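Taking it in order: structure first as structure tokens, then the write-up.
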Amino acid sequence: MRAAVVRNEAVMNEPAADAIVEVRGISKTYGGVEALRDVDLDFPRGKLTSLLGPSGCGKTTLLKIIAGLIDADRGTVAVNGKKVSAPGPERAFVFQDFALLPWATVLRNVAFGLELRGTAKEEREAIARRYVADVGLAGFEDKYPHELSGGMRQRVGLARALCVDADVLLLDEPFSAVDEQNRRKFQEDLIRLRTNQNKTFIFVTHSIEEAVYISDRIVLLSPRPGRVSRIIEPDIDRSGDPDRIHRDKHYLDTVEEIWQGLKQYVE
Amino acid sequence: MTLFGYRVPMMASLLVWCVLWEIVGRLDLMFILPPFSDVLAAAVDLVQLPSWQSATVTTLRAFLIGMLLAIAVGIPLGMLMGRVKIADDLLGMWVNIFSSAPLSAIVPVLMILFGFGENTIIAAVFLFAIWIIVLDTRAGVRHISPSLIEMARSYGASRPALYGKIIVWAALPEILAGIRLGLIRGVKGVVIGQLLVAIVGYGALFETFSRNFRMSQFWALTIILFAFALVVSALIERAEAKVEFYAGVR
């Protein structure tokens, strides 16, 4: 039995049925190092797609280009059919180091995206309270970031991104600064949030297990220059007990398969 | 501090020096050092004199105007240098030179530019205080984590919002430290300015007292100034303590 549906290079550039983000011919060079070369990718609406690869494969660069935080040297990014070159309200970013305002409470941090948009204080705080509860931080609204653990801080970062009601959530290794136990719990919560929120997630990670555990679709990038090497769609049923997934045969086989593919890039 | 197992308050060391001063003063070794009790008595008399009161008003006004100007110009200038590389390259050298130069030497030049009056004193305060404010603000802005700036951009912050809601706050601990150090230098500036102009405020008083060998009044005035500088810097320190909780975690 196949562990995953593997699409290879010949069919990769075919547009997906309903792509919310379309990346075309993106190239980026940083001071002589070619971070990305001619990347074409479609991100299907309502799915969680992971960008996976060893360090130096340009996965964070690609995510930040999609976010409009970095300009590409060549190529275009379209969201909902419209070309974008700067940040916009249809995308929200979750940062690796959380990027919270240390002088502001959890509530203000979560509402900060709305504050920048000029939403009235009462309205934005009502919305923020809902998402604070959604990510499991009810009761912590008036705490400051330094009073929270790493995992809780990233929940604040996630709530802030959910708060602005963007179509696409861009997550840059959101769990890498979170300890292992919290990461597991957070991954489970993310699977649950995904089914409730009906948003498109683009997720950068260097952890094979994490990518297979949470993704509908995994884009493997090869390093120097960063290019799409394979796209894998793990066929895993996530509806039941999340702990069961870790023992699922498809899960284990897909992890192994990706590791065999990536091994060549590791010295 | 503890001494022989007893807790001794911080001010106690000051007390030791006051007693020592009193003893040396009573020995009548030098006319420039009257007993401390005489100085205190002189201070009580001094603050009742109309000439002291008007000198204080003049001095305080020049100090406040000079400081406000130094803060109003210094913070934006420091931010500009922290954010824009060209501005930093152009101005960095001058700010560093001025912040360590013996500025007292420039005050006579200020007199030529601003005349023998309050404007020269204001300019002296400004010139003494501004550089450390610029340097500290610049350091604070440089310190800001790039992801905070990216966060603001990705959520669509306008330029004023980026500065008003992120940069000023993130750099606030350093900005306050700069203002505190600037205030102390500003006190120096106001005194040196007034001494050189010699016909206004405390400078005129200092001049009168030292020329006429009225040493207890001279010291009383010095102590009043010293106390003022300490109180002002303690006030800023309290404000700094309020933002300290996030200074380490930005």
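Values in this text are rule-based calculations from the coordinates and carry no lab data. Bear in mind that the values here come from a model prediction, so they are computed numbers and not experimental data. When we count neighbours, we look across all protein chains shown, and the Cβ atoms used for this are built from the backbone with ideal geometry, even at glycine.
Points worth noting:
- Reach of A:LYS83 by Cα under 30 Å, taken over lysines that are not fewer than 8 positions away in the same chain: A:LYS28, A:LYS47, A:LYS59, A:LYS64, A:LYS199, B:LYS165
- Computed over region A:91-165, Kirkwood Rh from alpha-carbon pairs, angstrom: 11.8
- Residues whose amide H lies under 5 Å from that of A:LEU48, counting only those 5 or more places away or on a different chain, are A:PHE201, A:ASP216, A:ARG217; hydrogens are built 1.01 Å from N in the peptide plane.
- Translational D in µm²/s for the protein assembly as shown (Stokes-Einstein at 25 °C, 0.890 mPa s, Kirkwood Rh from C-alpha pairs): 89
- Maximal additional length on extending the B:LYS242-B:PHE213 stretch stands at 5.9 nm, based on 0.36 nm per residue less the C-alpha distance.
- With the largest listed first and rounded to whole Å, the semi-axes of the equivalent ellipsoid of region B:1-152 from the Cα gyration tensor are 41, 26, 15.
- In a reduced charge model with +1 at each Lys and Arg Cβ and -1 at each Asp and Glu Cβ, region B:46-247 shows a dipole moment near 140 debye about its Cα centre.
- Dimensions of region A:40-183 from C-alpha coordinates, computed as largest minus smallest value along each principal axis and given longest first, are 45, 37, 26 Å.
- Axial C-alpha extent at least 15 Å, average Kyte-Doolittle at least -0.5 - helices from chain A (DSSP): A:150-163
- Normalised Debye scattering of region B:46-247 at q = 0.09, 0.19 Å⁻¹ gives log10 I(q)/I(0) of -0.41, -1.26, counting only Cα atoms as equal scatterers and leaving out solvent.
- With the biggest extent put first, the Cα atoms of chain A measure 53, 43, 37 Å across the principal axes.
- Note on chain B: GNM, Cα springs under 10 Å; of B:ILE132, B:ILE23, B:ILE144, the largest mean-square fluctuation is that of B:ILE23.
- In terms of the mean number of neighbouring beta-carbon atoms within 10 Å, the peptides B:93-102, B:116-125 order highest first as B:116-125, B:93-102.
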